[in-house]
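Engineer: One structure follows; several queries about it will come next.
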């Protein structure tokens, strides 16, 4: 009896673990209002921002398999809501379409600077200026290396950028290594 109960409990735990893990597979990108509508979804413009995405009618399993973002919600017909991924290229188009600048060019972690495509953004000072850093996310305006020329991949200690000014050339630091150099106008 105890052994049967143990086997039953182990089976339940394995099943629960499999349920919690998203299945592998390529992500499904839904990049336009037209694609979203064709899937029976709702194209949502996020309030106060330049981004939009598609809330799809996918089930939880389908959502996770296609690498969407699932939010449980008891009142929803499928028991939750799924938001499909938007491709990096479509995200860049949304940014520039709203008058922003997407970049920096060639970056592994590009971002949108809303309202900067047609007008220069005001330069702001960083409260963490020149603080030692290892990753872009450690700093308000990014982590850069200043020192002797070294090849990409070399371990370096970066410093937080002192301002939001984007013009100039920078040696970007990520994961404690020189990630590469970029120049922006």
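Engineer: Looking at residue 137, is it outside the structural domain of residue 31 (by TED's automatic domain parsing), within 30 Å of residue 28 (Cα to Cα) and at pLDDT 85 or above? Don't jump to the end; show me each part of the working.
Structural biologist: Values: outside the structural domain of residue 31 (by TED's automatic domain parsing): yes; within 30 Å of residue 28 (Cα to Cα): yes; at pLDDT 85 or above: yes.
Criteria met by residue 137.
Engineer: For the stretch 159-172, enumerate the residues that are in contact with a helix residue (DSSP H, G or I) (Cβ under 8 Å, 6 or more places away or on another chain) and over 21 Å from residue 102 (Cβ atoms).
Structural biologist: Step one: of the stretch 159-172, the residues in contact with a helix residue (DSSP H, G or I) (Cβ under 8 Å, 6 or more places away or on another chain) are 160, 172.
Hit for the stretch 159-172 is 160, nothing else.
Engineer: Scan the stretch 145-152 and tell me whether some residue there is under 30 Å from residue 30 (Cβ atoms), surrounded by 14 or more Cβ atoms within 10 Å (Cβ to Cβ) and not assigned by TED's automatic domain parsing to the domain that holds residue 52. Full working, then the answer.
Structural biologist: Looking only at the stretch 145-152, we keep the residues that are under 30 Å from residue 30 (Cβ atoms), and these are none.
Scanning the stretch 145-152 turns up no residue that is under 30 Å from residue 30 (Cβ atoms), surrounded by 14 or more Cβ atoms within 10 Å (Cβ to Cβ) and not assigned by TED's automatic domain parsing to the domain that holds residue 52.
Engineer: Further, regarding this structure: Select from the stretch 107-130 the residues that are under 20 Å from residue 181 (Cα atoms) and modelled with pLDDT of 90 or more and list them in ascending order.
Structural biologist: Restricting attention to the stretch 107-130, the residues satisfying the condition of being under 20 Å from residue 181 (Cα atoms) are 107-113, 129-130.
129, 130 - these are the residues of the stretch 107-130 that are under 20 Å from residue 181 (Cα atoms) and modelled with pLDDT of 90 or more.
Engineer: Enumerate the strands (runs of 3 or more DSSP E) found wholly within the stretch 42-127, keeping only those where 1 or more residues are in contact (Cβ under 8 Å) with a residue 12 or more places away in the chain, in contact with a helix residue (DSSP H, G or I) (Cβ under 8 Å, 6 or more places away or on another chain) and under 23 Å from residue 167 (Cα atoms).
Structural biologist: On the way: elements: 42-45, 52-56, 69-72, 80-83, 101-103, 111-113.
Per the criteria, 101-103, 111-113.
The values are calculated or read from the model by the stated rules, or taken from the named source; none is laboratory data. What you see is a predicted model; the values in this text were computed from it and never measured. Cβ atoms come from the backbone with ideal geometry, glycine included; neighbour counts cover every protein chain shown.
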